[in-house]
Amino acid sequence: MEPLPYLDIHTHRKDQKSDFVSVFSLSSNELLSDDSLPQSLFTAGIHPWWLEDLSSSEISSLKIRIEELLAKGALWGIGETGIDRAYPELLETQIELFNWHLELSEKFNLPLVIHNVKAGSDFLQILKDKRPKSPWIFHDFRGNESLMKDLLRLHSKCFFSFGLSIDNSQQIRDLIPLVPLDRLFLETDEQKHLDIQEIYLRASHFLQMDLDLLKSQIWLNFRGLNTKPTH
């Protein structure tokens, strides 16, 4: 029996090894390009950081493109999208756009990949108001145990993904063993120096968990999402 491949739940890198399974997050240029789309799994959304540079007409074009991809059944998930309070002048637009993405994830029953910077209370309020059913994946989660538990209390289908932060944050190393194993994912994001295999090795060390068992658990989590099948 061949070993399971490493699953990278969120990456912007296009140089992943062929024996990894990756979920790519499209850039704005890739979304609007006429070039062919990736052959693998991918997500599309309007990142809150893009709002500084996009005109209203460009945002409208991105929204139309995302809706076209959804109509074709091309997307594995929605995002990344989210709220970043490091950009307070754009907060109203960020929340409005996040709710647009949320409606799409609910309509198409697709996972929502979420960027969260200092906006935990915003997401808790949205969960209280909207009561979503589709999975939420907080990529590069930097919150604490209290926020994680509050999110899970309001939405049992919240997942938490970790990458480089395992290396550079003691808070995350302390948090990872507290994350329910059936709500855990790992990712490379934009990391150029660590591949997903190295991130799994670090995670298995801090979890004090066998590497193959960790891979099996993450694949079980992945297959439990209501998405199109892969390997």
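The values are calculated or read from the model by the stated rules, or taken from the named source; none is laboratory data. Remember, it's a predicted structure, so these values are computed and weren't measured experimentally. Here Cβ is always computed from backbone atoms with ideal geometry, including for glycine, and neighbour counts include all displayed protein chains.
For first residues located in segment 105-128 and closer than 22 Å to residue 87 by Cα, partners that are in a helix (DSSP H, G or I) and not β-branched (Val, Ile, Thr) and lie 6+ apart or on another chain with Cβ distances below 6 Å form the pairs 112/105; 120/147; 124/150; 127/154. Under the condition of being in a loop (DSSP other than H, G, I, E, B), touching a helix residue (DSSP H, G or I) at 6+ places or on another chain (Cβ under 7 Å) and under 25 Å from residue 40 (Cβ atoms), the residues counted in segment 60-110 number 1. When 90, 124, 70, 102 are screened for being within 21 Å of residue 53 (Cβ to Cβ) and of a type in the set (A, V, I, L, M), only 90 passes.
Consider segment 202-231 and keep the residues that are under 20 Å from the mean Cα position of the chain (by Cα) and hydroxyl-bearing (Ser, Thr, Tyr). The one that is modelled with the highest pLDDT is 216. For segment 32-69, the candidate set comprises residues that are aliphatic (A, V, I, L, M) and more than 17 Å from the chain's Cα centre (by Cα); within that set, the residue that is farthest from residue 140 (Cα to Cα) is 64.
Cβ-Cβ distances below 6 Å connect the following pairs, each with a first residue in segment 201-223 that is touching a residue at least 40 places away in the same chain (Cβ under 8 Å) and surrounded by fewer than 17 Cβ atoms within 10 Å (Cβ to Cβ), a second residue that is assigned to a helix (DSSP H, G or I) and not aromatic (Phe, Trp, Tyr), and a separation of six or more residues or different chains: 206/173; 206/176.
Among the residues making up segment 46-82, a single one is exposed (fewer than 15 other Cβ atoms within 10 Å of the Cβ) and of a type in the set (Val, Ile, Thr): 64.
Quick check on this structure: which one of 75, 104, 70 is aliphatic (A, V, I, L, M) and within 24 Å of residue 191 (Cβ to Cβ)? Only one candidate passes the filter, namely 75. Determine whether residue 39 is in a loop (DSSP other than H, G, I, E, B), out of contact with any Cys (no Cβ under 8 Å at 6 or more places or on another chain) and of a type in the set (S, T, N, Q). Against the criterion (in a loop (DSSP other than H, G, I, E, B), out of contact with any Cys (no Cβ under 8 Å at 6 or more places or on another chain) and of a type in the set (S, T, N, Q)), residue 39 qualifies.
Matching residues to (1) buried (at least 19 other Cβ atoms within 10 Å of the Cβ); (2) β-branched (Val, Ile, Thr); (3) at pLDDT 85 or above; (4) out of contact with any helix residue (DSSP H, G or I) (no Cβ under 9 Å at 6 or more places or on another chain):
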| residue | (1), (2), (3), (4) |
| --- | --- |
| 2 | no, no, no, yes |
| 9 | yes, yes, yes, no |
| 19 | no, no, no, yes |
| 35 | no, no, no, yes |
| 38 | no, no, no, no |
| 44 | yes, no, yes, no |
